[in-house]
Structure formats: structure tokens, C-alpha cells
Amino acid sequence: MNRLLLLLFPLLVSCAARNYTYYLVEPEPQKHPALKEEGTLMRPFGFGSTTVMKVRWNDGNLITEVDVPVLSTGQRIVIEHGAGSGDVKTIPATRVVPPPPTSADKSLIEAYRARGLSIDESSPEVSITRARTLMQEAVKGGNYHLALEWCETVLQRYKSHPEFLRAKASLLLMMGERDKAIEIYEQVEAIESDPDVRKKLEELQRQQK
């Protein structure tokens, strides 16, 4: 009897060292690294219940932007970037996604900042050069509405960009929105005057009287 107990003891120790999942799933399922908790979670008691952290992802095909609440309870929030499902309410998709900035945009952005012009840091980053190319291609194809959308992807972040404000005014004019075009032309002239734009603006203002 004693000999049998001695033989069973190593087996019982081996079983105790393995949790129940070992016997249900082979191999044992691995927990995603994002869900692993290491140490004590920091609890930002100094933040209010309305404080949010903006998280943005842009891969050139799909843009995801969410406001993650910063809670005093310190729980983890995992965001999956994907096309989503019909069960989750989402913001209506637009036809265009702001192209992500490249190295070619660096000097343009620095020049814009150096002039002290307005930048909406909360809006998606965008490639000025790529958006310009796409806008011009849409204009050549006669698709002024699409060209205006590409123009707006830049103006959403760089609200005082003279080149794109002039382009917006011209596109609105071609779409029959004369009063709105005049308003934008006046806006851009106050930022940076251009002889051709000033001449066109004066012509439109005479027609308006």
C-alpha cells in the first residue's frame, strides 16, 4: 500500500501543476499581449470623467478616429482597427480618406507653420502633395464634387492654406456657387493677396451688384 502511494504522489503533483484548461484545449490558449496585466494599473485620479484621449489610425485606405474616455477606474480599453460590423454604430463613411503625409510634405508643413497660419491639430493628418494630385486628377476628369472633397481633406486641418482656399473658391464657382466662391476668395485675399484672384474677385463683385 505504501509503495502504491509513493508511485501515485508524483502523478498527483504533476496534475496539480496544470490548470483545468490544459485538459480542455490542447495546446493551452494564449492570451493576447494587449490583455495581459503586468503590475498595478495606474489610476489617473486627476482626470475628470469627461476627459478623453483621441486615438487615430490612418493606413491610406481606412481612417479610424475615436475618443477614448480616461476613467479613474483605470480599466484597459482595446481598440481593433478594421472595417467594423453592422452591429456597431459608426460615423457615416466619406468617399475619400485623407492620404497620410510623406517625407515630401515635411517642408510644406514647416513653411505653413512658420507663417503662423491656423492648424487644427485635432483633425486627421494629410499629405498636401498627394491631396493636390488627386484634386487635380478629379478636375481633369470633370468631377468637381470629388475634387472639392480632396480639397477639403487639406482645409480640414490646414484651414488657412491659401492654395487650397483658392482651389475651393474656384471649384465652388465652377459648380455654380458664386456667392460662396466670393466669400472664400475674400477670405484668402485677406491671408495672401494674389493679382489674378483679386482681378477675378473684383469681376465677380461687379456682377453681384
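The figures follow:
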item	result
Test result for Leu117, more than 28 Å from the chain's Cα centre (by Cα) and not polar (S, T, N, Q)	no
Only listed residue being aliphatic (A, V, I, L, M) and within 19 Å of Asn61 (Cα to Cα), chosen from Leu134, Leu108, Leu117	Leu134
Helices (runs of 4 or more DSSP H) wholly inside segment 86-205 containing at least 2 residues that are crowded, with 20+ Cβ neighbours inside 10 Å and touching a residue at least 40 places away in the same chain (Cβ under 8 Å)	144-155
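Any read-out appearing in this document is the output of simple, stated calculations on the displayed coordinates, not a laboratory observation. Keep in mind it's a predicted model, so treat the numbers as computed, not measured. Methodologically, a virtual Cβ is constructed for each residue, glycine included, from the backbone with ideal geometry; neighbour enumeration extends over all protein chains shown.
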